[in-house]
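Just so you know, all these numbers are worked out from the coordinates, no wet-lab data involved. Keep in mind that what you see is a predicted model, and the values were worked out from it rather than measured. Neighbour counts are summed over all protein chains in view; Cβ atoms, including those assigned to glycine, are modelled from backbone coordinates with ideal geometry.
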Amino acid sequence: MSHIFFTQNIRQDFQEWLKEQNFSALCVLTDENTHLHCYPILAEALVQFPHFQYTIPSGEQAKILPTCSQIWEYWLSQHLDRKALIINLGGGVLGDMSGFCAATYKRGIRFVQVPTTLLAQVDASVGGKLGIDFQGFKNVIGSFQAPLAVWIDTVFLKTLPTRELQSGMAEILKHCLIADHTQWIKLVTILSSENTKIKLPTILSSEKMDWQEWVQHSVKIKESIVAQDMHEQHIRKLLNFGHTIGHAIETYFLTHTDTPLLHGEAIAWGMIAESWLSMRHTGLTEENFKEIRQTIQNYFPFLQILPALEQIALETIANLALQDKKNAHNTINCVLLQDIGKAIFDIPITSQEIVESLLACCQI
Ligand SMILES: NC(=O)c1ccc[n+]([C@@H]2O[C@H](COP(=O)([O-])OP(=O)(O)OC[C@H]3O[C@@H](n4cnc5c(N)ncnc54)[C@H](O)[C@@H]3O)[C@@H](O)[C@H]2O)c1
């Protein structure tokens, strides 16, 4: 397992840590936005350390093989050897992709994740899942490789757009739904239903959200699950709640429309649909389903795209769910809720049921 450092002063603490290490070279990977907003902060920690810096395009569309080729070519051109360290300064896209490049370059070199989005801090940077999208399918090429360390400083969230903060909330909501009813209640009460459109941006960027607390809470849940099952043979599957249908929705919007959804937005819809299926299969009460649906909608009040989808689109999404990596023997295996805070994995569902669940969610 990687060491996860929570810091409120990455400039100083990362520098101290680097002094104790012995790498042949350092290379900081950024995307266009983290180069602008985050690299100036990290660069202060690196003043005493000569390093390379390489910037890739931002966004999910760049999480593909040609970008990996560019990264590998750059590392080769700089003669990075197996004693070098890659520093991934960015969100989940950059961390997943550059981590994958590092895990495969010269049969593996060390890398650290310095997550700069909420989603990457609460989820993507932890657990060693790396990968890229291929032929339109999410994360279908990849590997498991724990980073040497993860450095989390919520200072980076200050420049993150509200929509990206919102996207990260999806994984925080998920961690509470699968493992912590008490914290879920806190999330429900932070944002009551009235005036959410006006209140949400204010709340997400105010002291009402103690990001240190929420990030550490999510990481603790994820870390304890991953520690029991790094390679997702059993209990780690719980972390996929909302993702079977969510990934299919994300892929659909990425490949069939000009308006891609953010990862967390797709997962938000996936969680509503999978909660609906939980009423049918695993005994989630209607009252709990309604609370989940309302709360997720409170955190995603601008997300009105699904209700406009036609039957044919819903069938396409259901077919995409069939391609999910977690499936085996042509069965769609889903994580469902027995209660808020209690999930169960490997529940078989049909593609017809996915259409039904999406239709039910469209009727809200
Ligand atoms: N490996 C895992 O376990 C895991 C888990 C969940 C999600 N993911 C993956 O994570 C990806 C989504 O990650 P994401 O939501 O972080 O998206 P992202 O990496 O695309 O970042 C979102 C946007 O914010 C910008 N940005 C990043 N940090 C910023 C900052 N501090 N200030 C201003 N702008 C900043 C980025 O340039 C980008 O435009 C998906 O590809 C998903 O599959 C992986």
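Compute the projected area of the convex hull of the Cα atoms of region 95-157, averaged over all viewing directions, and report it in nm² to one decimal place. Don't skip to the end; give the middle numbers.
Details: hull surface 17.2 nm².
About 4.3 nm², averaged over all directions.
Report, in listed order, any pair from LYS19/LYS63; LYS19/LYS138; LYS138/LYS174 with a Cα-Cα distance greater than 28 Å. Working shown, then result.
On the way: LYS19/LYS63 32 Å; LYS19/LYS138 38 Å; LYS138/LYS174 19 Å.
Going by Cα-Cα distance, LYS19/LYS63; LYS19/LYS138 fall outside the 28 Å limit.
Given a Förster radius of 30 Å and the C-beta distance between SER24 and THR255 as r, what FRET efficiency does 1/(1 + (r/R0)^6) yield to the nearest 0.05?
Calculated transfer efficiency: 0.15.
Residue separation times 0.36 nm, minus the C-alpha to C-alpha distance between PHE144 and LEU76: what's the value? Working shown, then result.
Working: separation 68, 0.36 × 68 = 24.48 nm, distance 2.28 nm.
Full extension of this stretch gives 22.2 nm more.
Quick check on region 152-283: what does the Kirkwood estimate of hydrodynamic radius come out to from the alpha carbon pairs, in Å? Walk me through the numbers on the way to the answer.
Details: mean 1/r = 0.0623 Å⁻¹.
By the Kirkwood definition, the hydrodynamic radius is 16.1 Å.
Under a 10 Å cutoff between Cα atoms, tell me which one of LYS174, LYS186, LYS222 has the largest fluctuation in the Gaussian network model of the chain.
Its mean-square fluctuation being the largest, the pick is LYS186.
Which aspartates and glutamates, if any, have their Cα less than 13 Å from the Cα of LYS290, not counting same-chain residues under 8 positions apart?
Candidates past the 8-residue exclusion: GLU274, ASP339.
Based on the Kirkwood radius over alpha-carbon pairs, what is the Stokes-Einstein translational diffusion coefficient of the chain at 25 °C with 0.890 mPa s viscosity, in µm²/s? Please list the in-between numbers first.
Working: Rh = 20.8 Å.
For these conditions, the coefficient is 118 µm²/s.
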